[in-house]
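Encoded as structure tokens, the structure appears first; notes follow it.
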Amino acid sequence: MNTESMYSQLGISHEVYQFGETILGGLQEQFARIDAAAEYNQGKVIAAMQKNRVNATHFAATTGYGYDDEGRDNLERVYADCFHTEAALVRPQITCGTHALTVALSANLLPGDELLSPVGRPYDTLEEVIGIRQSPCSLKEYGVSYREVELLGDGSFDYEGIRKAIGPKTKVVTIQRSKGYATRPSFSVEQIGQLIAFCKECKPDVICMVDNCYGEFVEEREPSDVGADMIVGSLIKNPGGGLAPIGGYICGTKACVSRCAFRLSAPGLGQEVGANLGLMPAFYQGLFLSPTVVAGALKGAVFAAGIYEKLGFRVVPGSQETRHDIIQAVELGSKEGMLAFCKGIQMAAPVDSYVTPEPWAMPGYDAEVIMAAGAFVQGSSIELSADGPIREPYAVYFQGGLTWYHAKLGILMSLQKMADNRLVSLS
Ligand SMILES: *Cc1c(COP(=O)(O)O)cnc(C)c1O
């Protein structure tokens, strides 16, 4: 059997396949680094599960109020140990990443308090949460003010600006690890640690929250290892390992996390309610698989960077750069480029491969967004997906891939569509 003939059957031309193989030849050191981090993180997850004596009773479903849900409570201990925090809230009732961040912020900010983003504008959906764009029930409506400090031109932190922005009202600092829909670099855990140390030097009791979406298990350390009071993310991204069908997590200090639990359910109830609805096997097993799933996604990101930088497009990060999240931005420079790229990703999917993605207005975003995803879990972006707002610089954000081989096929297919539409030339 010949692998190239299988790719041919899937619609990849000889030219595209060979172009990919040549690029892969130059990525082996990157792949080795990715595998090393996955091996370390696999150990970290297993150690947390062993310490908490995970057993079959933890996989039982609960319904109704969910009192004494030992599977849920133990999963939260596993997360807390894995991320080295005092406490964790890991729930299917947290509907998505934006919801997890909303819970973390609104639980820890009271009227008159101020939220500071020292890393520039946060992720699009947070604009309505904070009230940067007007929305019912925003933090702004509840009397929480907001300030941001732009990054410097070279992407570094504006320490002088941050010092000036931290005042008596500053209660929470929000730090987004991943670039999101921006073409700035993502931050390393090391950089985040330096920023947190600086903020705490300016104001020792300030709460530092990190939006950890897409960052989990990319490095050996997490922001909670370098001083974050809360790290927050979505289970249909990295830590759900592709198996969690819904959910979010908040790991952090007891003080912060217990407030989050009261905000999520109700004052007085907190962490004691919230049935697991039979999702524990997926949550435990997804966390178990997450380090290797993340490694596959990272290899896909590096491969995409290698291909498109060779063809002269701006890619963030570059193929040889150290990774801090699973996102790969490729600036295709035109709407046509975005459509062709996304079409290729869609055609490579195991689910919905026959549909054509179209740009669409999305709740929470201010430009039309194109999304390619053929996922087992709808909207899951730890599964192979590409998306981006149709606006300058016409960048697609490529992420995920439950296996490296699927990610590879998706990128080859994107290249095939670009070549078919004469948007690139491979010779
Ligand atoms: C995905 C993401 C969010 C929001 O998560 P949703 O699950 O889409 O609501 C927030 N911040 C960052 C950096 C993200 O990548």
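The values are calculated or read from the model by the stated rules, or taken from the named source; none is laboratory data. On a predicted model such as this, the values are computed, not experimentally measured, just so you know. Cβ sites come from the backbone with ideal geometry, for glycine too, and all protein chains shown count toward neighbours. All accessible areas refer to the heavy atoms of the entire protein, side chains included, with ligands and DNA or RNA removed. Shrake-Rupley method; radii C 1.70, N 1.55, O 1.52, S 1.80 Å.
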Cβ pairs under 7 Å, 6+ apart, first in the range 285-312 and outside any helix (DSSP H, G or I), second open to solvent by 10 Å² or more (accessible area, probe 1.4 Å): 311/424
Some residue of the range 140-154 being open to solvent by 50 Å² or more (accessible area, probe 1.4 Å), part of a loop (DSSP other than H, G, I, E, B) and either of a type in the set (Ser, Thr, Tyr) or within 16 Å of the ligand (Cβ to nearest atom) (or both): yes
Qualifying residue in the range 387-400 (condition: touching a residue at least 24 places away in the same chain (Cβ under 8 Å), within 27 Å of residue 293 (Cα to Cα) and part of a loop (DSSP other than H, G, I, E, B)): yes
Selected residue (criterion: farthest from residue 274 (Cα to Cα)) from residues of the range 77-108 that are away from the ligand (no atom under 16 Å from the Cβ) and open to solvent by 10 Å² or more (accessible area, probe 1.4 Å): 84
Identity of the residue in the range 1-32, within 28 Å of the chain's Cα centre (by Cα) and of a type in the set (S, T, N, Q), that ends up nearest to residue 219 (Cα to Cα): 30
Selected residue (only one of 196, 162, 175 is touching a residue at least 24 places away in the same chain (Cβ under 8 Å), open to solvent by less than 10 Å² (accessible area, probe 1.4 Å), within 30 Å of residue 391 (Cβ to Cβ) and in contact with a strand residue (DSSP E or B) (Cβ under 7 Å, 6 or more places away or on another chain)): 175
Where residue 368 falls short, out of the listed (1) charged (D, E, K, R); (2) within 16 Å of the ligand (Cβ to nearest atom); (3) free of Cβ contacts under 8 Å to residues at least 60 places away in the same chain; (4) open to solvent by 60 Å² or more (accessible area, probe 1.4 Å): (2)
Criterion (at pLDDT 95 or above, surrounded by fewer than 23 Cβ atoms within 10 Å (Cβ to Cβ) and part of a helix (DSSP H, G or I)) met by exactly one of 405, 354: 405
Verdict on residue 43 being surrounded by fewer than 18 Cβ atoms within 10 Å (Cβ to Cβ), closer than 30 Å to residue 415 by Cα and free of Cβ contacts under 8 Å to residues at least 24 places away in the same chain: no
Residues located in the range 226-284, provided they are within 16 Å of residue 85 (Cα to Cα), surrounded by fewer than 18 Cβ atoms within 10 Å (Cβ to Cβ) and charged (D, E, K, R): 254
Output for the range 303-313, where each listed residue is surrounded by fewer than 24 Cβ atoms within 10 Å (Cβ to Cβ) and not acidic (Asp, Glu): 306, 310, 311, 312, 313
Residues (of a type in the set (S, T, N, Q) and part of a helix (DSSP H, G or I)) located in the range 69-104: 74, 98, 102
Filter result (assigned to a strand (DSSP E or B), within 16 Å of the ligand (Cβ to nearest atom) and not β-branched (Val, Ile, Thr)) within the range 164-178: 176
